[in-house]
């Protein structure tokens, strides 16, 4: 692991807010070039009250895609965070050759939205070389809000026995808005540590067998659904290094080494916490022992605005 060279490249960043530092580290390590969309994203990231950043590297048969970021706001800042997100979407929608359909978003985030039941919100940018495949995604975490859950599920693609997954009062979902006008909803039901050890529940959700070895390594599991009900499993491993080795993908190991370097750099700051890591795998690929699509995500929460 080439820590020395990366340290030298990052020394000048040590005075930065940890979120900005992590963002710049990801851009530098993966050779991302500036563009108008990244600059708009950076503008929000650098402003209070943004307190969450997630960076992502996606492995697929087509290669590795790393221009993927998400920023977020915690409950006390939801109102201002939604205003910031709306501003970003308006700026992106005004760009040439971008068609951004915000209809589903405004249908869900209407004047009647009860902000007291929104725990967190955020926006992600996935920038592609083919502009039409680029997208932004708005994320929400809500609690004890059954009417809003029903509204989201009415828009989501059909999934058999979908409510069997909704065992918690907290509900997470995202709204995709592609730059060519496509839009849709994605949900992320989750299972916590005690749920993953509940044999009856795991049998009911058919999450045993081949995938069980991966699940045993995790503290939390999120699930999302592709067309036809195909499941994507989002693992939150208790020991990320061990989990990466368990997958056994050389490209992933190389990408993950950057996360280890970042953690080393952040550890030099007394108030910095380690980044959290999760990995998304397609269930069918795990079962067939032919894992080709992997999404490595690492996130950091910083309350820098509270400290200033």
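The values are calculated or read from the model by the stated rules, or taken from the named source; none is laboratory data. Remember, it's a predicted structure, so these values are computed and weren't measured experimentally. A quick note on method: Cβ atoms are made from the backbone with ideal geometry, for glycine too, and the neighbour counts reach across all protein chains shown.
Values as computed for the structure displayed
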item	result
Single condition residue 81 does not satisfy, out of (1) under 27 Å from residue 35 (Cβ atoms); (2) assigned to a loop (DSSP other than H, G, I, E, B); (3) within 21 Å of the chain's Cα centre (by Cα); (4) modelled with pLDDT of 95 or more	(2)
Some residue of the stretch 179-187 being at pLDDT below 95 and either in contact with a strand residue (DSSP E or B) (Cβ under 9 Å, 6 or more places away or on another chain) or farther than 23 Å from residue 59 by Cα (or both)	no
Filtered residue count, the stretch 241-300, keeping only those that are part of a helix (DSSP H, G or I) and in contact (Cβ under 8 Å) with a residue 12 or more places away in the chain	24
Residue in the stretch 63-78 that is part of a strand (DSSP E or B), surrounded by fewer than 18 Cβ atoms within 10 Å (Cβ to Cβ) and at positive phi present	yes
In the stretch 264-297, residue modelled with the lowest pLDDT [restricted to those that are surrounded by 16 or more Cβ atoms within 10 Å (Cβ to Cβ) and under 17 Å from residue 17 (Cβ atoms)]	272
Tabulated pairs, the stretch 88-101, first modelled with pLDDT of 95 or more, second exposed (fewer than 15 other Cβ atoms within 10 Å of the Cβ), C-beta under 6 angstrom, 6+ apart or interchain	99/181; 101/181
Search result, residues across the stretch 134-149 that are part of a helix (DSSP H, G or I) and either within 21 Å of the chain's Cα centre (by Cα) or within 11 Å of residue 108 (Cα to Cα) (or both)	147, 148, 149
Output for the stretch 170-197, where each listed residue is within 30 Å of residue 130 (Cβ to Cβ) and touching a helix residue (DSSP H, G or I) at 6+ places or on another chain (Cβ under 6 Å)	173, 175, 179, 180, 183, 185
Boolean, residue 131 is modelled with pLDDT of 95 or more and either surrounded by 13 or more Cβ atoms within 10 Å (Cβ to Cβ) or over 16 Å from the mean Cα position of the chain (by Cα) (or both)	no
Residues (surrounded by fewer than 17 Cβ atoms within 10 Å (Cβ to Cβ), farther than 18 Å from residue 234 by Cβ and touching a residue at least 12 places away in the same chain (Cβ under 8 Å)) located in the stretch 159-178	160, 169
